[in-house]
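Comments concern the structure below.
Values quoted throughout were computed directly from the atomic coordinates according to the rules given, and no laboratory measurement underlies them. Since the structure is predicted, the reported quantities are computational estimates derived from the model, not experimental observations. Quick reminder, even Gly has a Cβ in these numbers, built from the backbone with ideal geometry, and neighbours come from all protein chains shown.
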């Protein structure tokens, strides 16, 4: 039993509590937060190796056997997502040191970040459906605090939209949990998957799968449930927007992968044509929305919507190949989107505005910022040698292999339109001549430049070493789609039902 799976969760709880306790001692609180996230990152990287060498890792809370206790499972998919989440949180903490004033720290900004990572980590590793709901509530409560921290009118308006739709999603999630328990009598994911094989009324489970598609789709910002994102993500500080872009919608996408890809595979196959339709519509709506915007963060926010369409495409292909490609792309886009928000936020802080019409000339004033921005946009658009090229290539290859020509064609077109819309920022912010005297503008500080630059370098490194990442995500995709292997890992060779029947005798 891999009881070490609880370590990253416990460390974040302790770190958040200590950060609150010593919140008045600024540098001590910062050290606690950095130490907690660093421990989480080191553990996550080690977990990647452990899963690669030894396969799935399973732990049962309190020593209760599945399906009676709370189960935690780490496989290739959860290990990848956990490692990327901890990396992005560390970069966000470092960026926050340089970009936020002391007032945010006094009002529990860093403890909220740790609680956000706690909820995300629990959602990635849980093997229990209701426990997944609990972890979602943890990360949503933290995100509610972060998006409104500061109390400006724009934040409160954006936060209201964010909160309302996420509450609808949470209600749908809870209804789905109740329906599943009413039909199969369990909430352990492995046990659900096993008992679903004996259900004689498949239409009921298809309806339940649609409820979860709505619940997680609203959190992932797929069409038509995306409208809250571009109207709220530009309102909080850049550091908050960046970590939201990297994590929150991706947790929704991951949950769809886990629940439909592993637990409800038959329902995924039934819904696959509809999911693919949602995927390409989400791509187009997001990229056209980005092309119509003239604010840096609004453009990037619409691109979150567009790029989530690619992740949904991997799910809609309903195969281990599609899930592997979707995982590869999702890991890449988490890194790159966060980097672009960091770099765009640095440019915004220099000018004091995010309106690209009022900016310009930064390529000469800040060449390093311009270089990393350019590398970030070519990665987002899917050009070599960046990680985005291999993420999109894997999805396109999977689409062609399975004959999904429409979504593959739209994905290709969206990549081209993404490049054009991001080049608009390049031209307006970095290339064109500024109407103001750029020599009088403040210089970008290393603290604002380095987090985004490091993430772009990570994207480049993943592109140059793509074979390792592709091999890992291929195995992770196979594990996600291996329902029988998942059941055996959680409950043993005889399955969950055998454990259940033995216990009640």
Determine which member of the set 45, 12 is farther than 15 Å from residue 489 by Cα and surrounded by fewer than 16 Cβ atoms within 10 Å (Cβ to Cβ). 45
Return yes or no: is residue 289 farther than 27 Å from residue 468 by Cβ, in contact with a helix residue (DSSP H, G or I) (Cβ under 6 Å, 6 or more places away or on another chain) and free of Cβ contacts under 8 Å to residues at least 60 places away in the same chain? yes
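Results for (1) free of Cβ contacts under 8 Å to residues at least 40 places away in the same chain; (2) out of contact with any strand residue (DSSP E or B) (no Cβ under 6 Å at 6 or more places or on another chain), shown as yes or no for each residue.
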| position | (1), (2) |
| --- | --- |
| 52 | no, yes |
| 57 | no, no |
| 62 | yes, yes |
| 78 | no, yes |
| 91 | no, yes |
| 101 | yes, yes |
Return only the number of the condition from (1) part of a helix (DSSP H, G or I); (2) within 23 Å of the chain's Cα centre (by Cα); (3) closer than 30 Å to residue 320 by Cα that residue 409 does not satisfy. (2)
Members of segment 149-170 found to be without any contact (Cβ under 8 Å) to a residue 12 or more places away in the chain and under 25 Å from the mean Cα position of the chain (by Cα), listed by number: 156, 160, 167
Conditions first: (1) within 27 Å of residue 191 (Cβ to Cβ); (2) in contact (Cβ under 8 Å) with a residue 12 or more places away in the chain. Residue 113 passes all but one, so which condition is the exception? (1)
Residue in segment 153-169 that is buried (at least 18 other Cβ atoms within 10 Å of the Cβ) and under 27 Å from residue 479 (Cα atoms) present: no
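Suppose the filter is surrounded by fewer than 22 Cβ atoms within 10 Å (Cβ to Cβ) and within 24 Å of residue 236 (Cβ to Cβ); does residue 359 pass it?
no
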In this structure, is residue 222 surrounded by fewer than 24 Cβ atoms within 10 Å (Cβ to Cβ) and either under 22 Å from residue 376 (Cβ atoms) or in contact (Cβ under 8 Å) with a residue 40 or more places away in the chain (or both)? no
Please go through segment 354-369 and pick out each residue that is closer than 25 Å to residue 457 by Cβ and part of a helix (DSSP H, G or I). 362, 363, 364, 365, 367, 368, 369
Among the numbered criteria (1) free of Cβ contacts under 8 Å to residues at least 40 places away in the same chain; (2) buried (at least 19 other Cβ atoms within 10 Å of the Cβ); (3) not in a helix (DSSP H, G or I), which single criterion is violated by residue 403? (2)
Flagged in segment 478-498 as over 15 Å from residue 196 (Cα atoms) and buried (at least 20 other Cβ atoms within 10 Å of the Cβ), in numbering order, are 479, 480, 481, 489, 490, 491
Tell me the residue from 420, 500 that is part of a helix (DSSP H, G or I) and more than 26 Å from the chain's Cα centre (by Cα), please. 500
Of everything in segment 18-31 that's without any contact (Cβ under 8 Å) to a residue 60 or more places away in the chain and assigned to a helix (DSSP H, G or I), which residue is surrounded by the most Cβ atoms within 10 Å (Cβ to Cβ)? 18
Within segment 64-76, restricting attention to residues that are touching a strand residue (DSSP E or B) at 6+ places or on another chain (Cβ under 9 Å) and not in a loop (DSSP other than H, G, I, E, B), which residue is farthest from residue 344 (Cα to Cα)? 71
Looking at the structure I just gave you, is residue 202 surrounded by fewer than 16 Cβ atoms within 10 Å (Cβ to Cβ) and closer than 27 Å to residue 308 by Cα? no
Selection from segment 68-102 of residues touching a helix residue (DSSP H, G or I) at 6+ places or on another chain (Cβ under 9 Å) and over 20 Å from residue 7 (Cβ atoms) yields 68, 91, 92, 94, 95, 96, 97, 98, 99, 100, 102
